[in-house]
Amino acid sequence: MIIQRVSSNSNFISWAGSILLLALFSYLGWVDYQQMQTMAAIQKWAVAYLVSELLLLLLLSDMQRVTRQLMSRLRYEQEAKQQQQAAESKQHQHALSILNNIAASFSPDWHQQMRDALHVASDYLQLPIAILSNIEKNNYQVIVQYTVDNSLQDGANFDLGETYCSITMQSKQVIAIDHMHASEYASHPCYNNFKLESYIGVQVLVEGSPYGTVNFSSTEARQRPFSQLEIEFISLLARWIGSVLERRRYLDAQVEVAQRLKKVSAQLPGMVYQFKLTPDGKASFPYSSDGIKEIYHLTPEQVLNDASAVFDLTHPDDVLLVKSTISESAKRLSKWIIEYRIKYPDGEVAWVAGRAVPEKHPDSSILWHGFITDITERKQIEKLKDEFVSSVSHELRTPLTSIAGAIGLLHGKVLGVLPEKAAEMVGMAMANVQKLQILINDLLDMDKLVAGKMQFDMQTQPLLPILQKSVLDNKNYAEQFKVHYNLSDKIDDIWVNVDSLRLQQVMTNLLSNAAKFSPPNAEVDIVIEHDSDKVTVKVIDHGIGINDNFKPLIFSQFSQADSSDSKIKGGTGLGLAISKQLITRMNGDIGFESSLNHGAEFYIRLPVAIETAQQSEAFYD
């Protein structure tokens with residue numbers, strides 16, 4: 001394009017010059033002719049014009065020659081520049097391809113993965129020695145190496161000061177030296193010892209801290225300096241190596257934790273597990289310890305992606321219970337606590353106890369962390385104990401009734417007045433017989449509740465009268481401890497669906513406990529709180545409170561606080577266990593709040609029954 005423009009301009013100048021010369025010499029010839037009136041004047045200027053035209057053509061021809069030479073040189077330089085750009089682009093693509101292949105490579109052995117990467121990078125940089133090092137203080141350790149002549153070994157150690165990496169560790173940039181002998185580092189110990197003429201290296205960072213270096217070197221000087229592309233190449237390679245080492249460190253930590261967990265779980269009875277439930281209902285055990293072999297006779301691999309084998313072994317009568325409790329735990333993100341049975345293919349049945357804590361994940365799946373233990377032996381012992389207690393209670397009840405009747409006759413002076421000493425002994429016997437009767441009645445109640453044989457007369461009725469009668473019936477008992485009951489009767493229109501006698505039994509237990517453990521001249525408050533569809537009755541004392549160690553056992557059978565004061569107060573240790581069973585059967589719940597030396601607050605919470613004004617009037621009429 002430029003050449004065409006120059007040629008066009010040359011032609012224009014040639015024609016324009018010729019016309020101007022023609023016009024000039026024509027004018028001069030005409031003026032001379034007017035003065036001399038001879039043809040010689042015209043011929044003279046004609047010859048002058050021809051000579052000038054010739055000189056102009058020679059000048060333009062020389063200018064075109066020079067222009068063509070300049071254009072030819074410019075074209076050559078442009079082509080050379082394009083070839084250089086194409087070569088650099090090819091080198092960039094080649095470097096990116098190598099880095100991509102290195103990043104995409106995978107080997108279970110990370111040392112081999114690093115060695116393969118060093119091999120490829122060594123070929124690209126045309127440097128036969130490639131090293132990934134770890135540097136701690138002044139120790140330089142070869143972690144992975146690649147050498148054409150196998151002159152190095154993994155694990156070799158050097159003094160940091162004897163390596164070029166001592167220079168690299170002082171800089172955060174890539175150190176690239178193409179001719180060491182001609183550089184400022186010609187006196188470095190590494191050059192004196194190993195005669196390495198060319199070197200390029202950079203720090204490797206792991207989690208933001210220096211790990212060591214990746215470096216390449218040769219005993220021969222490079223014919224050309226390291227290019228910017230090669231410097232960027234090794235910088236990117238160091239970043240990739242750092243990320244691999246970070247992942248390796250993370251995986252090693254996970255493996256260590258997994259091995260530690262496996263060792264610990266192997267010593268635990270039962271199985272430790274993770275149970276996962278996805279939004280589409282798919283269940284699996286991402287982790288289960290080897291204890292699953294003892295509990296379910298399955299391997300962890302069999303339930304890794306599908307938990308159906310576990311549910312298939314659950315006793316048919318308990319499958320619905322297990323699934324419903326899992327659903328409830330997932331819905332409320334509450335602890336999963338349950339006891340259920342497993343039925344093996346040979347017909348054998350085992351009892352297990354499960355406990356887990358749920359965790360909701362961003363994808364809406366739920367992951368439980370927990371354990372399951374075999375409680376078959378405990379259940380068998382409990383069954384034997386319950387049968388024994390039930391048998392003893394029934395066997396004792398009849399003779400004890402006779403003994404109580406006889407002692408009652410003596411104590412009531414029906415057979416005459418007894419001597420003072422004898423009367424005192426009969427009174428003690430009467431008190432002990434009454435305690436035995438209470439114990440046996442409690443044992444029989446517990447037996448009926450556990451067996452599901454206790455009858456409940458559930459009726460919709462007002463709550464306040466039941467509470468008032470409970471307070472009145474226990475008033476004399478409270479006076480023995482100089483304690484006064486204070487019932488808040490501000491709410492008198494709440495109806496509940498309960499067995500009044502069983503609710504009074506629960507209230508008697510709570511009121512008597514509050515009186516026993518309150519200081520003299522104290523008050524026990526009975527508070528009623530109505531909240532939407534629930535009503536809560538609180539029994540609040542100001543006594544010694546409940547020790548933290550005893551709180552988890554307070555509703556267990558035969559549980560009593562381990563203190564001399566508690567033993568002096570007496571009791572069977574069954575009252576709260578029975579109360580919990582009774583309230584549960586009446587669709588309520590029972591609990592407490594307490595701290596040592598700050599009293600206790602026991603509460604029962606019942607659903608409010610739907611009642612009409614006619615029901616209320618009919619009841620009170």
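The values are calculated or read from the model by the stated rules, or taken from the named source; none is laboratory data. Just so it is clear, the model here is predicted, and its values are computed rather than measured. No Cβ is skipped: glycine too gets one built from the backbone with ideal geometry, and neighbour counts run over all protein chains shown. For the accessible areas, the whole protein counts, side chains as well, though only heavy atoms, and no ligand, DNA or RNA atoms are used. Shrake-Rupley method; radii C 1.70, N 1.55, O 1.52, S 1.80 Å.
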Kindly identify region 118-215 as rounded, prolate or oblate by the Cα gyration tensor criterion: order the square roots of the eigenvalues as a ≥ b ≥ c, call it rounded if a/c is under 1.5, otherwise compare a/b with b/c, prolate if a/b is larger, else oblate.
rounded
State the number of lysine pairs found in region 254-334 whose Cα atoms come within less than 24 Å, restricting to pairs 8 or more positions apart or on distinct chains.
12
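How many percent of the accessible area of region 115-249 is carbon or sulfur, using a 1.4 Å probe?
Details: 3090 of 6660 Å².
Answer for region 115-249 is 46 percent, counting heavy atoms of protein chains only.
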Report the FRET efficiency, 1/(1 + (r/R0)^6), for residue 417 and residue 268, where r is their Cβ-Cβ distance and R0 is 56 Å, rounded to 0.05.
0.25
Dipole check, region 205-349, charges on Cβ (K,R +1; D,E -1), about Cα centroid: among 333, 292, 316 the Cα furthest to the positive pole belongs to 333
The size of the Cβ-based charge dipole (Lys, Arg +1; Asp, Glu -1) of region 460-537 about the Cα centre, to the nearest 20 debye, is 340 debye
Under unit Cβ charges (Lys, Arg +1; Asp, Glu -1), what dipole magnitude, rounded to 20 debye, does region 277-394 have relative to its Cα centre?
440 debye
Per residue, how much accessible area does region 244-336 show when a 1.4 Å probe rolls over the protein heavy atoms, in square angstrom?
63 Å²
When ranked by the protection proxy of mean other Cβ atoms within 10 Å per residue, highest first, what sequence do the peptides 593-603, 316-326 form?
593-603, 316-326
For region 196-233 and region 305-321, what is the separation of their Cα centres, given in Å?
61 Å
